[in-house]
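The values are calculated or read from the model by the stated rules, or taken from the named source; none is laboratory data. These numbers were taken from a predicted model, which means no experiment stands behind them. Reconstructed Cβ throughout: ideal geometry from the backbone, glycine too, with neighbour counts over all protein chains shown.
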Amino acid sequence: MNTNKSNFKTMKTIFLNINAMKTTKFLLGAVLCFSLFLTSCSDDDDGGTPEQPNEEEVITDVTLTLTNITDTNDVVELKSVDPDGEDGPTAPTITITGNFTAGATYTGVMDLFNSIEMEDITEEVTVTEPDEHFFTYAISGLDISFSRSANDIVRMDGNKLGFETTWVVANNPGTGNITVQLWHESETVDDSNELGTQTGGEPDVDLTFTGVTIQ
Amino acid sequence: MKHFLMGLMLFVFGYHHAQNCNFTLLGEVKDFHDGAAITAANIYIKQLDRYIISDLDGKFKLEELCKGEITLVISHIGCETKTITIDISGDTFKSIDLEHHIEELNEVAVTGNRVVKITKTAQETLLKTETIEQYSHLSLGDALKEVSGVSSINTGNSIVKPMINGLHSSRLLILNNNVRLQDQEWGIEHAPNIDINSADQISVIKGAGALIYGGDAIGGVIVIKPRKIIRKDSLYGKTILGGQTNGRGYHISSSLNKSFQSGWFANVQASLKQNGDFEAPDYNLTNTGVQSQSFSIHTGKRLFESGFELYYSYIDNEIGILRSSHIGNVNNLIEIINSGQPPIIRGFSYDIDNPRQEVTHHLLKATYFKRFKNFGKVNLQYDYQKNNRLEFDIRRGELRNEAALDLELQTHTLLADVNLDSNLNKKMNFGVLLRYQDNFAPNTGVRRLIPNYEKYDFGTYITSEWRINDNLLIDAGLRYDFNRVDALKFYRITRWNERGYNEDFADIIVPPAEGEDFGTDLLANPVFDFHNISASIGVKYDLNSKNYIIANYSLASRPPNPAELFSDGLHHSAARIELGDLRLDPEIANRLSMTYVYTDTNFNLNVDTFYNTINDYMYLRPTGVQQSNRGAFPVWEYEQTNARLFGVDLTLSYDFTDQFNWLNKTAFIKGYDSRDLPLIDIPAFSTFNKITYTNENWYNFSASLQSEWVFEQNEFPDFNFETNNPSTGEFVLLDISTPPPAYHLFHFYSESTFALSERTSLSIALGINNLFDTSYRNYLNRLRFFADDLGRNITLQLKLNY
């Protein structure tokens, strides 16, 4: 008799378990559906080869071309090429082609290029976003009178961008350095001393060309 | 008439009696979990309105029962009262199971506020609801600093990563409602995605003693538990509303809990928080606003013998990063450090501009458990997490509104756990874990910091606990974990060769498909397998009723995380290039700890000591400078060393009178590498003293004054170096190593509670942080190079319990 009773009890337990299992199954199903729903929210299929990174903001080639206003064949070119960008291990190659002619006046024009994506950054800086950028220059050891050209791009705040510049070379030979910096999102910029000063920006370009010669 | 009625009654009774009223019910009351007889259980027979009591063997006998149903209500001290109905149709035997150890088995909350430690021999500290509520407007990392020996590593004041005994990030496990948080915790500026308001109780376990949660907890484990389920018909809730002067912020958090005697329950909780730019004593911290939303739902049915629950939580944090911390190159960094204040200081704003982070985290969990007689409890759990981290940098062109970093991490985990507790003196716990993780990084126009990868984990563990006698308890555990990482990553060929991978890993290069050209990149498919063993053994010995000591040894093993393996790029807020290493081995920690606890009515003392040696400890160290068109950047590489850390954490509480209490928390820690050089980012000696005045008669009034004194860290690795300033042509020193000077802050906090009705109460709390508006910088804040920490902050908080 006791056996009977415990059998009955076991049956009841099983029945209860089935009930509990049904609930559990239902809930597990619901959870799985919900996770599938969440999973399917992922916009991309991440199987297979990832998309190759495109590096649109990198400036690999920086060129300052200075052309004698009276002799277009008299060109000084300051160039830095960093083919693997700012976080690649290769250091930029800096080349200085040509010498300044004492007593001459040059027009300087900047050129910025991304050789990884074959993208012209100059346009981005000068046409699209001149108000967020500012070039500053530093000249040491060279007797040059520097100014921002009359037809340089003027920012909304009245400061000249420093894209096109005028370099009046004195009759005084020597060797020195030229620094070019391009600032992004500066808090303040000021072109009143022509070379330019800024605060709060971060450099997109920060290069010093050493061994530039006036002869 | 009278006679007729009596006659009828006699007839009915007599008929019944004559038919069936000679049955016997034999009953036996037993303890559910170990089958022991329960003596002196009170059995109430409803139909007869009679009580009987079980005998020494737990047995009882009811005679002369009639055919039909009888209802028994069985109660016993310390047990949950049980009502059963038995169908009597003959002599019957019935075994009734009560659970006598309901509290010891940690099943049911007897009061709403009962706190139970998870471990027996680990250095564990509990944070209770009242403490957590004080941090309602802050973050998990802030609240955890209540524990002596716990500090934090910060990026500003809103990104707060907990640090236990000098270790953080991947060396800590964070469990939210028994789900291990998978939220890109490798990153130093990735704060845990948890709303502090969803926590009811937090356990901080120093070291790797809690093996059931993972074998890689070299620093420790943080276990966050939601409100415990009370099995009775009730409906209650809580709303916290607050505001603060610094950041002009507000926060609101509300929860509602409904439970039924039948075991069903449902809890919902939601929080909203907003802050604008914070202020240092002397200037605005531009672009440090925060906006956070979260909610969670918890429902299920929980009985003693079985139960299930569903839990879902969502959090969305948008955090502004100090504008001045986004820098261009190393000279830019030097200028900012030397100027002593951030270069960009603007007026107050609630706007959150770039640089900023936006992180969303979903967590979904389903569990089912069943308890078996004379055996224990089986628990099954499935959880799913989806973490999406977007980091926005200062960018040029059309990309300015696009995230520079976009990572989507999805994790599925299955967990089966068996807890054998039928013998309370010899408990055993074992289980299996299966986990699949997928990280997806779409193309953002910036090289991926972390590549796409899939990760497979398998873990199995066994832990056991023996109570040898009333004074001595021993526990031990063993765990094995297998991890496989399968990644697909584009390397720049120049970087690949510079790392020497062309010699060591040539076989993992994936050739481009036909018609494809990777140009200056190559695609690699690193697959790494790691086998990790972890173990723990501990002892707790009660010297007498007031003193006990615990000692624990643990072995933990942590494989390298994705950042350590794959990092490859420029980190703007640090102006440095960070490089991972595919050759890294797991780090293995051996930690010895010893704790002494003294408890008395008016004096409590807790002394935690530890010695942790970590072989192949992974860390970042500067190895040189790299030139680019943007100027120079220091290069930091992940390296391995044999580290050792040791220290003492002290907590002391003394009641001078019934009303005045003095609390002291002091932490001392040292860390060295294999060349006896100090480790970086080790917290300085700190001591907190708090005097609290309490007067229960004044609406539970309490007021406290706290002193926070953090010393200068005088042992640090010298990672300074000189670099050429191109504008001046001079060499200048980049001082990124010297810790800031010591600081001493004072905080005030007071609180009162007013009973509005029998079931509702209102608490009002007023706090003033940094009372004297002291300017200071914290060694463990990564933005210390750029700006001071927060100035005075006055907070007001209303809490309504209903």
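Structure notes:
- Selection of the range A:129-145 for residues being within 14 Å of another protein chain (Cβ to nearest Cβ) and in contact (Cβ under 8 Å) with a residue 40 or more places away in the chain yields A:Glu132, A:His133, A:Phe134, A:Phe135, A:Thr136, A:Tyr137, A:Ala138, A:Ile139, A:Leu142.
- Checked against the criterion of being part of a loop (DSSP other than H, G, I, E, B) and either polar (S, T, N, Q) or at positive phi (or both), the candidates B:Gly209, B:Gly247, B:Gly215 yield just one match: B:Gly247.
- Annotation note: Cβ proximity below 8 Å between a residue of the range A:185-211 that is at the interface with chain B (Cβ under 7 Å from one of its Cβ atoms) and a residue that is loosely packed, with under 15 Cβ neighbours inside 10 Å and assigned to a strand (DSSP E or B) (sequence gap 6+ or interchain) occurs for A:Glu187/A:Thr199; A:Thr199/A:Thr188; A:Gly200/A:Thr188.
- Any chance B:Phe490 is assigned to a strand (DSSP E or B), away from chain A (no Cβ under 14 Å), aromatic (Phe, Trp, Tyr) and touching a strand residue (DSSP E or B) at 6+ places or on another chain (Cβ under 6 Å): no
- Long-range neighbours under 7 Å by Cβ, at least six apart or interchain, first residue assigned by TED's automatic domain parsing to the domain that holds B:Gly35 within the range B:79-102, second among the polar types (S, T, N, Q): B:Thr81/B:Ser75; B:Thr83/B:Thr71; B:Thr85/B:Thr71; B:Ile86/B:Thr92; B:Asp91/B:Thr24; B:Phe93/A:Asn2
- Residues located in the range A:97-128, provided they are within 11 Å of another protein chain (Cβ to nearest Cβ) and closer than 17 Å to A:Val62 by Cβ: A:Leu112, A:Phe113, A:Asn114, A:Ser115, A:Ile116, A:Glu117, A:Met118, A:Glu119, A:Ile121, A:Glu123, A:Glu124, A:Val125
- If the condition is being part of a strand (DSSP E or B), within 14 Å of chain A (Cβ to nearest Cβ) and either more than 40 Å from the chain's Cα centre (by Cα) or of a type in the set (D, E, K, R) (or both), then the range B:80-100 contributes B:Ile84, B:Thr85, B:Ile86, B:Asp87, B:Ile88, B:Thr92, B:Phe93, B:Lys94, B:Ser95, B:Asp97.
- Inspection of the range A:162-180 finds a residue satisfying the criterion of being in contact with a Pro (Cβ under 8 Å, 6 or more places away or on another chain), in contact (Cβ under 8 Å) with a residue 40 or more places away in the chain, under 18 Å from A:Ile59 (Cβ atoms) and within 14 Å of chain B (Cβ to nearest Cβ).
- Count of the range B:356-386 residues which are away from chain A (no Cβ under 11 Å) and touching a strand residue (DSSP E or B) at 6+ places or on another chain (Cβ under 6 Å): 10
- Qualifying residue in the range B:448-460 (condition: of a type outside the set (Ser, Thr, Tyr), out of contact with any Gly (no Cβ under 8 Å at 6 or more places or on another chain) and more than 14 Å from chain A (Cβ to nearest Cβ)): yes
- Among the residues listed as A:Gly98, A:Gly108, the single one being among the small types (Gly, Ala, Ser) and in contact with a Phe, Trp or Tyr (Cβ under 7 Å, 6 or more places away or on another chain): A:Gly108
- Filtered by the rule that a residue be farther than 14 Å from B:Phe748 by Cβ and among the β-branched types (Val, Ile, Thr), the range B:682-705 gives B:Ile682, B:Thr687, B:Thr694.
- When the range B:218-244 is filtered for residues that are surrounded by fewer than 16 Cβ atoms within 10 Å (Cβ to Cβ), assigned to a loop (DSSP other than H, G, I, E, B) and either under 24 Å from the mean Cα position of the chain (by Cα) or assigned by TED's automatic domain parsing to the domain that holds B:Ser136 (or both), nothing remains.
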